[in-house]
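Take a look at the structure below.
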Amino acid sequence: MQQPDTPPENQSPGSDPMAGFERLGTSVDRVGTVGRSVNAAAAVLVREIEAARRVAEQIQSDSSLIRYRTRDAARRMFMTGIALELRISEQSAGKKIALGQVLVATLTRTLDTLAEGTISERHAFAIAQYCDDLTPESMLAFEDRVLPKAVTMTPVKFERFTRQQRERLHPELMATAHMKALEERRVELFPLPAGMAQIVATMDATRAVGLINALEDDARALKNVDGETRTLAQLRADVFADRFVDSYRTSACGNGADTAAETGMKDGKKKTSGRSNGIYGGFAPRVNIMVPALSLLGKSDEPAVLAGYGPIDLETARELVGEAKTWRRILTDPETGQMLSMSSTKYRPPTDLADAVRLRDGTCREPGCNNPAEACEIDHSTAWEAGGVTEFLNLGAFCRKHHKVKHFELVAPDGTIVGTAVRIDHVRDEQNRPTGQIRWNTITGHAYISDPQLSARALKKIRDAEDAEKAKNAPPFDWNPTPDPADGPIEPF
């Protein structure tokens, strides 16, 4: 799109007192033009994804070509490929593929309206989504009813409108649609800045409304307590955490042990009586944390790393370390930060080696997957049967889904196995040292990089702290001390 020679914001107003608003109007027009171009590009993307899906389908149907062993493998690898290329989740990619197929095949007027830039991709997908389980004739009737509103409503209001219209037109399908949607219920963690995170639960609407109403009632009751200074939003969050801890402690999972005697939350953290067991009360969550030794000793400000989240401040880390009942030492190379090599002569890695791999990786090592490494399987990058060894630099954490995807087989026209869907490489730098990165290579010739939670970076701050200590004639820090049994548990590294 050609830009004006002089942007409106830089043009002289002259003597017209309304010139400022005229310039603003021109700028708003330009914003609208760009917005419509974005919408039109979304229509192009929908058509290109559907064209690619058809190519993938043709490959799988042609017995004269190398193809995946099963149609399910072909579908899964296509979805993974789209997700990686667009840098989106597989869930989002699957939605784009499925809804785009409906738009191209049946809802052509909606797709044409998107191509004109009049509506957004979100509007178009809302129409396609609520056409699920409808016949082609019913889809077109539904499109006729809701499409005119798409050009005047915001996406949120339009999604609410389309849902209501779908339920009015086809109330007989509500129960079936609900049962299908229930299969997608889940709880997800989304890291946020400044040591915060979101927990998002997708569940039955009646339970969700009941939960939020209970939180609201408890929060408002606490708000009326003398001396309470927390906002309602803060109280809802604190009550939510309290309710989970209480229900866990009195459940079979918590063994019914009520040991905390809580007095509520304070500043977002558990405030307990003298019988407390730390900030979690009687609740014992799995919290894995890596704290650089010199940071724990106050000789460096290198941040700690919370497994499943990332860097956290040292004050919080020390608080968690103080509550730890068990310790594990993970030794790292003082020059590169890479965890020292560990290996086994057996196929299955021993517990310490598997734990080290999970701590390094943080999440599943498929480049777009965020499943926590704790819930992942440990897989050989170079397969065991192909000569791969069970060692730190040939292992990676992969969730069950991507572990399976990684080994999808390719068959030749004569039915023989000619390879797998993905090849994994552990990336090395120019000095042939491992960086901790993994390269995910696909059969289509695409390559994607997966970064570990703990990168093999140079620990400059720690080395500087060591040098400063040495300059004061202090004894050098022992990176691999011999533990004395009389000293008790070894501090985490």
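Here, each number is a calculation from the coordinates, and none is a lab measurement. These numbers come from a predicted model, not from an experiment. Don't worry about glycine lacking a Cβ; one is built from the backbone with ideal geometry, like all the others, and counts go over all protein chains shown.
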message: Per residue of segment 182-191, what does 6.51 cos²θ - 1.76 cosθ + 1.60 with θ = phi - 60° give for ³J(HN,Hα)? Whole Hz please, x for Gly and Pro, Karplus curve as stated.
response: 4, 5, 9, 5, 6, 10, 10, 10, 10, x
field: Rounded to whole Hz, the Karplus (6.51, -1.76, 1.60) HN-Hα couplings of segment 57-72, x for glycine and proline
entry: 5, 5, 4, 5, 8, 9, 6, 8, 10, 5, 8, 6, 4, 10, 5, 5
- line: Footprinting proxy, 96, 404: sorted fewest to most Cβ within 10 Å, the residues are 404, 96
message: How would 204, 226, 414 line up from fewest to most surrounding beta-carbon atoms within 10 angstrom?
response: 226, 414, 204
- request: Starting from the amide H of residue 437, placed 1.01 Å from N in the peptide plane, find each other amide H under 5 Å away whose residue is 5 or more places distant or on another chain.
  value: 427
task: Take each of the peptides 161-170, 114-123, 188-197, average the number of other beta-carbon atoms within 10 Å over its residues, and list them starting from the highest.
output: 114-123, 161-170, 188-197
task: Scan around residue 362 for amide H atoms under 5 Å from its own, H built in the peptide plane at 1.01 Å from N, and keep only partners 5 or more places away or cross-chain.
output: 373, 453
field: Amide H contacts under 5 Å for residue 304, placed H, 5+ residues apart
entry: 312, 314
field: Ranked list, fewest to most other Cβ atoms within 10 Å of each Cβ, for 200, 104
entry: 200, 104
field: Under the Karplus curve 6.51 cos²θ - 1.76 cosθ + 1.60, θ = phi - 60°, whole-Hz ³J(HN,Hα) for segment 151-166, x wherever Gly or Pro sits
entry: 7, 10, 9, 5, x, 5, 5, 5, 4, 5, 5, 5, 4, 5, 5, 4
